[in-house]
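> Before we start, here is the structure in question, set down as structure tokens.
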There are 2 protein chains.
Amino acid sequence: MTELPDEGRYRAVIDAVLPNVDAGAYPLKRIAGEHFAIEAHCYADGHDRLRVVLCWQAGERGELFEVEMTPAGNDAWRAQFLPRVPGLYDYSVIAWVDSFESWRHDLERREDLQDIRIAVAVGAALIESAAGRAPRGDAEILGAWSKALRGAAADPQGDSGTLKTLALDTARTDLARRYADRRFASRRRYSLVVDRKRAEFSTWYELFPRSSAAQAGQHGTFRDVEEQLPRLARMGFDVLYFPPIHPIGRINRKGSNNALAAAATDVGSPWAIGAAEGGHKAILPALGGFEEFRSLLARAAQLGIEIALDLAFQCAPDHPYVSAHPEWFRRRPDGSVQYAENPPKKYQDIYPFDFETDAWAELWQELKSVVDFWIERGVKIFRVDNPHTKALGFWQWLIGAVKREHADVIFLAEAFTRPKLMLGLAKLGFTQSYTYFTWRNSKQELTNYFSELNTGPSREYYRPNLWPNTPDILPEPLQSGLRSVFAARLVLAATLSGNYGIYGPTYELMESSAREAGSEEYLDSEKYQLRHWQLHRPDSLRSLIARVNRARRENPALQSNQGLQFCPIDNDQLIAYLKRDAATGNVVLIVVNLDPLHVQSGWLELDLASLQLDPRTDFQVHDLLSDQRYLWRGPRNYVSLDPGRMPAHVLRLRHRVRSEHDFDYFL
Amino acid sequence: MTELPDEGRYRAVIDAVLPNVDAGAYPLKRIAGEHFAIEAHCYADGHDRLRVVLCWQAGERGELFEVEMTPAGNDAWRAQFLPRVPGLYDYSVIAWVDSFESWRHDLERREDLQDIRIAVAVGAALIESAAGRAPRGDAEILGAWSKALRGAAADPQGDSGTLKTLALDTARTDLARRYADRRFASRRRYSLVVDRKRAEFSTWYELFPRSSAAQAGQHGTFRDVEEQLPRLARMGFDVLYFPPIHPIGRINRKGSNNALAAAATDVGSPWAIGAAEGGHKAILPALGGFEEFRSLLARAAQLGIEIALDLAFQCAPDHPYVSAHPEWFRRRPDGSVQYAENPPKKYQDIYPFDFETDAWAELWQELKSVVDFWIERGVKIFRVDNPHTKALGFWQWLIGAVKREHADVIFLAEAFTRPKLMLGLAKLGFTQSYTYFTWRNSKQELTNYFSELNTGPSREYYRPNLWPNTPDILPEPLQSGLRSVFAARLVLAATLSGNYGIYGPTYELMESSAREAGSEEYLDSEKYQLRHWQLHRPDSLRSLIARVNRARRENPALQSNQGLQFCPIDNDQLIAYLKRDAATGNVVLIVVNLDPLHVQSGWLELDLASLQLDPRTDFQVHDLLSDQRYLWRGPRNYVSLDPGRMPAHVLRLRHRVRSEHDFDYFL
């Protein structure tokens, strides 16, 4: 005898459930308050009727909801649900061959009286069985219906019409449907991470608190940062991100410009975490204490700004962990701790954790306690330093565990690494991810990259956060120091994704000096020394930044990673794309001149039908940067951008509308 | 404390393994003797080195093989294996962060002598641990090497070169690699169905044995069929398929042309299986007995022909199962057995099995015993009647169980149903599948459909078997009776797929009468009555059929479903496509005139580079139907086809070759 399955009566097949990530191996990501639409491909043998339901639940103990999926043709079934609050949702598609539904479908088509009599008797039995699954009140109604059907079937006077009317009664049919026989239902389970809106719409400003002192040469403090908050709010930022704020190691401390030997006055790299004063749960005393930190967060919150901290899971040689938990580090044969290296390069100021340690469980719990520590102190956003150099399974666990307890926490993966690893980190849980935008400059590069991010499978889980610069990366085009380059890269970052950020003071001031030719490192980088920034300089970019961020705040189309579409324009130096928000109908057209030195012009093509624009009526494009308005008509329109003035248009499309008082305006 | 996984030290991630069917939910299909190439996307955190191996096994108890996967860039790893015999293969990708490999990679790059000393000592420990995993002989070599390294590391005289040479020794490195530390290896498992070649290259002829008598009006027998075998072999068929050969029910038997009431002399439909003489394991006495059946199979085998039987899992009302196993059928309220119906249509001569019966396990086993019964009598190919009206889980189990015992058995799914269900049957195990080819006539329809089958995800599991007609389907174009239509549809079926078949006698004789206008049923169908075919009629298609089948036999390009590519040709009535066999380089170009009445001409474009043809040298196209040869040159060549003569070219491409005696010929 050949081995049989435990149960052979499952007849419904759930072939696919869309969208999905790797057939359900990883959760999809969505935003709270937005409908989540699902398509399931389900079928069974024969002509019997299927029923398919979508079941969902917030968290493991949330209330269970269920909605009927409706056939959309070609064995596709559709339904949606609204995850109202952030959290991890479980959802299932459940399908079964429904004997009641099949009976009803067949009965409607029967013509022969004798056949109808028999069918009505069959239905009476099905309804009786439904009554057996129903609670008392409904059971009585169904029981009575079944009895009536049985009587009618046996009545030699009964005609087809009367029998069918009784058997197809709509109200009682709906009742019977509630108590379907699901013994042999097939089920497929999936999960969904629902985040708050800031996960896909956030505007980041990075600064080193120690460089924020009012006086040059002084060590900045949280109080100094607090002074800057109104200015940052006016510019439109809602996330203020700090490099690590912890005590900085003294052993093997690096000097200015990454010098191997530090002078006594050198402040060290904030990423060399830990010293006698404490480690990942301590604050560098020169910045202030927990009271100042609390005050800073409170003031920021009043201004709509969240503070994001850096999670850099590594230690300076004098981090308290090194002596307290030697088992968390790898040893060299001489007993010394293995420092970070990528031969022949050595990073002797940094000890990585050994994720293959036998004590991995304690290490994981301790690292989670670091995150919990800062969450308790009001931090909800973490920028994770080099997550691709720590065990990937650890992140999957950590992010899952933290978000189960605090669904509103956001993790940004600072990984600039190989493509599959970048995507892998997002799959296994990171809320947002750094991208290759930093090095995508030409029209072709930008079009290819953002088409892939917006239409490829990664769109379901990889949320780009675009940075034109970071403290580690001064890209070659910015080294020109040209205002047009800084402006163009800002507009691109701010409009190609719902999330973007700048390494702020240097960007405002268009800092452009690299440490040496061919390097992307800043000269006199804040990573290794204090700087003092003349943020009120008249030539700063702040007013453009404020205008760009205001356009983002006022246009839902710019507040997500969805709805991007490139537009043909007959000039390789001009890139044009639409951003659309389906819910509000808001449409913004962005055109950027990628040539920093010359005026570039071209004819731009719009697909008017998809924009619901009449080719014979003019419409308005309103430049949110210059506040100028242009009347356009038809699919081809002329654009010219002078980089000496402003290298970009951010054009809100406005339809012509006739008011009730019979005058036209643009909405 | 948050719950932790059982083991947190798995660092390698196997992100995807390609190709696959639904991320590995179903097996891929391949042919024995052909290399199976796999790409795995694997990565881990950090700079450490991965090792990835591919492991495979024929069946559950086969020998285990393993091959190293090689990096192909961008985190892709490749390997292949050769499944030599048909069977179900299990294969796995196994990946781990390899400490020995990482050590070696770093050591090669180290420059500092002190660092090299320490590294050599680290390596000595790693090699010692490898020795602990090795059998005695290898353990001794590795132990000695480890000791030598430890000594060298401690020797204050040792220089970098000597140390590196000793530590990077290739032969001993290869040995150490065999005993890698795989404690934390990640693994993903897949399966592969390997079939014999006939699964993708088969040429089917369908006939009703009862219509094969030499004399009109007589009931044909297996002996009559045996007489026909040499003729079928000459025409080039290798599968001879019979409708059911079992006793035919007498209760509710249908008459000629599907009449509800049969006359006493009516022979009934072979699909109404079972009568007093027996059921699915019996032979209709009028056809002969098991001895004649055995003789027929033996003679067919001598001629290279296999007999395919029909698996129609349903019963006539007088099938012995109905009384012996009433629990396998659904009952109506009056106690009678539920016949097949699709209201308002009724099929009272057929009782379907109830796949939701409580006795499903016994039913499944009995149906499998039917297959086993015929396998024991030499049948290895089954055409399964309407599999989409029986529980899909049953087929998955049945085909899996049968093929585990008899890997060379082939199941053809006769399902003409909705697309996802057609594909679903193939996913869950059917070796070959009927297709929509039967109704795809225009250039656009054929191009779309075969592009989808050849380039879509179904190419990994759905093997089309093309039928221009069947006893159930006389498609509308064939009802014209035009020889050009029959010829064109034959060439298309025979060249668009490795598998094709014809409902033979009617096709040879270009039978074209439908039962009534608008119907696809044959008039006086063999399904309900005996017919007598004048197969020696001079106007039959037999010589064209023989030429087409010979072209298939002689050209590997026509022997699989792979390597199809449509070619542009500037006439909508002409369709052109290449078939290529990668292993032999064999290329056949097919051009068909879809207009049955008019000469059609056009310029055909070939991608010469991909064919490795020199645009300045002529090449030969050799028409395998007419045996004419043409010299072509360059990418555009002229084609003209007169449907009154022959509506198709089947052109073998031959390169110009210079012989050693300095004359040119075409190979």
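The values are calculated or read from the model by the stated rules, or taken from the named source; none is laboratory data. Model, not experiment: these values are computed from the prediction. Cβ sites come from the backbone with ideal geometry, for glycine too, and all protein chains shown count toward neighbours. When the accessible area is computed, the model is the full protein with side chains, heavy atoms only, and any ligands, DNA or RNA have been set aside. Shrake-Rupley method; radii C 1.70, N 1.55, O 1.52, S 1.80 Å.
> Could you please find all residues in the stretch B:391-426 being at the interface with chain A (Cβ under 8 Å from one of its Cβ atoms) and open to solvent by less than 10 Å² (accessible area, probe 1.4 Å)?
Result: B:A391, B:L392, B:F394, B:A401, B:L421, B:G424.
> For the stretch A:427-445, give me each residue that is in contact with a helix residue (DSSP H, G or I) (Cβ under 8 Å, 6 or more places away or on another chain), open to solvent by 10 Å² or more (accessible area, probe 1.4 Å) and in contact (Cβ under 8 Å) with a residue 60 or more places away in the chain.
A:K427, A:L428, A:G429, A:N441, listed by residue number.
> Okay, next question. If you scan the stretch B:567-610, which residues turn out to be surrounded by fewer than 16 Cβ atoms within 10 Å (Cβ to Cβ), hydrophobic (A, V, I, L, M, F, W, C) and not in a loop (DSSP other than H, G, I, E, B)?
If the condition is that a residue be surrounded by fewer than 16 Cβ atoms within 10 Å (Cβ to Cβ), hydrophobic (A, V, I, L, M, F, W, C) and not in a loop (DSSP other than H, G, I, E, B), then B:W603 is the only one that fits.
> Mind counting the residues in the stretch B:453-474 that are part of a loop (DSSP other than H, G, I, E, B) and either free of Cβ contacts under 8 Å to residues at least 12 places away in the same chain or crowded, with 18+ Cβ neighbours inside 10 Å (or both)? Even if it seems obvious, please write down each step before you answer.
Keep residues of the stretch B:453-474 that are part of a loop (DSSP other than H, G, I, E, B), which gives B:456, B:461-463, B:467-469, B:471-472, B:474.
Next, only the ones that are either free of Cβ contacts under 8 Å to residues at least 12 places away in the same chain or crowded, with 18+ Cβ neighbours inside 10 Å (or both) stay: B:456, B:461-463, B:467-469, B:471, B:474.
The qualifying residues number 9.
> Can you find, within the stretch B:64-76, the residue that is most open to solvent (accessible area, probe 1.4 Å) among those that are in a loop (DSSP other than H, G, I, E, B) and within 14 Å of chain A (Cβ to nearest Cβ)?
It comes out as B:N74.
> Does A:R49 meet the test of being touching a Lys or Arg at 6+ places or on another chain (Cβ under 9 Å), open to solvent by 20 Å² or more (accessible area, probe 1.4 Å), touching a residue at least 40 places away in the same chain (Cβ under 8 Å) and of a type outside the set (S, T, N, Q)?
yes
> Would you mind telling me which numbered condition in (1) within 17 Å of B:L240 (Cα to Cα); (2) in contact with a strand residue (DSSP E or B) (Cβ under 8 Å, 6 or more places away or on another chain); (3) surrounded by 21 or more Cβ atoms within 10 Å (Cβ to Cβ) B:D310 fails?
With (1) within 17 Å of B:L240 (Cα to Cα); (2) in contact with a strand residue (DSSP E or B) (Cβ under 8 Å, 6 or more places away or on another chain); (3) surrounded by 21 or more Cβ atoms within 10 Å (Cβ to Cβ) applied to B:D310, the lone miss is (3).
> Turning to a different aspect of this structure: Could you go through the stretch A:366-387 and let me know if any residue there is without any contact (Cβ under 8 Å) to a residue 24 or more places away in the chain and at the interface with chain B (Cβ under 8 Å from one of its Cβ atoms).
There is no residue in the stretch A:366-387 that is without any contact (Cβ under 8 Å) to a residue 24 or more places away in the chain and at the interface with chain B (Cβ under 8 Å from one of its Cβ atoms).
> Within the stretch A:531-550, can one find any residue that is free of Cβ contacts under 8 Å to residues at least 40 places away in the same chain and hydroxyl-bearing (S, T, Y)?
Yes, the conditions are met somewhere in the stretch A:531-550.
> On to the next question. Scan the stretch A:475-528 for residues that are assigned to a helix (DSSP H, G or I) and either among the basic types (K, R) or not assigned by TED's automatic domain parsing to the domain that holds A:V239 (or both) and jot them down.
A:R483, A:R489
> For residues that are in contact with a helix residue (DSSP H, G or I) (Cβ under 6 Å, 6 or more places away or on another chain) and of a type in the set (G, A, S), tally how many sit in the stretch A:12-32.
1
> Does A:F450 meet the test of being part of a helix (DSSP H, G or I), more than 14 Å from every other protein chain (Cβ to nearest Cβ) and touching a Leu at 6+ places or on another chain (Cβ under 6 Å)?
When the stated conditions are applied, A:F450 passes them.
> Here's a follow-up. For the stretch A:122-140, how many residues are β-branched (V, I, T) and within 13 Å of another protein chain (Cβ to nearest Cβ)?
Within the stretch A:122-140, residues that are β-branched (V, I, T) and within 13 Å of another protein chain (Cβ to nearest Cβ) number 1.
> Of the residues in the stretch A:104-121, how many are farther than 13 Å from B:D334 by Cβ and either in contact with a Lys or Arg (Cβ under 7 Å, 6 or more places away or on another chain) or within 7 Å of chain B (Cβ to nearest Cβ) (or both)?
7
> State whether the residues of the stretch A:264-279 include one that is part of a loop (DSSP other than H, G, I, E, B), modelled with pLDDT under 95 and surrounded by fewer than 18 Cβ atoms within 10 Å (Cβ to Cβ).
yes
> Inside the stretch A:77-96, can you point out the residues that are touching a Lys or Arg at 6+ places or on another chain (Cβ under 9 Å) and open to solvent by 20 Å² or more (accessible area, probe 1.4 Å)?
Result: A:V85, A:P86, A:L88, A:D90.
> Does A:A359 fit the bill of being within 13 Å of chain B (Cβ to nearest Cβ), of a type in the set (G, A, S), open to solvent by less than 30 Å² (accessible area, probe 1.4 Å) and closer than 25 Å to A:L297 by Cβ?
no
> Say whether the condition of being among the charged types (D, E, K, R) and more than 10 Å from chain A (Cβ to nearest Cβ) is met by at least one residue in the stretch B:429-443.
yes
> Going by what's in this entry, would B:E206 be described as free of Cβ contacts under 8 Å to residues at least 40 places away in the same chain, outside the structural domain of B:P320 (by TED's automatic domain parsing) and not polar (S, T, N, Q)?
In short, no.
> Right, next: Would you check if there is a residue in the stretch B:47-63 being in contact with a strand residue (DSSP E or B) (Cβ under 6 Å, 6 or more places away or on another chain), farther than 26 Å from B:A583 by Cβ, facing chain A (nearest Cβ under 9 Å) and at pLDDT below 95?
yes
> Look at the stretch A:193-209 and say how many of its residues are open to solvent by 10 Å² or more (accessible area, probe 1.4 Å) and in a strand (DSSP E or B).
Here the count works out to 1.
> Search the stretch A:1-41 for residues being touching a residue at least 60 places away in the same chain (Cβ under 8 Å), touching a Phe, Trp or Tyr at 6+ places or on another chain (Cβ under 6 Å) and outside any strand (DSSP E or B), and hand back the single one that is most open to solvent (accessible area, probe 1.4 Å).
Per the stated criteria, the residue is A:Y10.
> Collect the residues in the stretch B:570-582 that are at pLDDT 95 or above and under 18 Å from B:T495 (Cα atoms), keeping them in residue-number order.
Residues satisfying the conditions are B:Q573, B:L574, B:I575, B:A576, B:Y577, B:L578, B:K579, B:R580, B:D581.
> Determine which single condition A:R331 fails, assuming it passes every other condition in (1) open to solvent by 50 Å² or more (accessible area, probe 1.4 Å); (2) closer than 21 Å to A:D354 by Cβ; (3) within 33 Å of the chain's Cα centre (by Cα).
Evaluating A:R331 over (1) open to solvent by 50 Å² or more (accessible area, probe 1.4 Å); (2) closer than 21 Å to A:D354 by Cβ; (3) within 33 Å of the chain's Cα centre (by Cα) leaves (3) as the failure.
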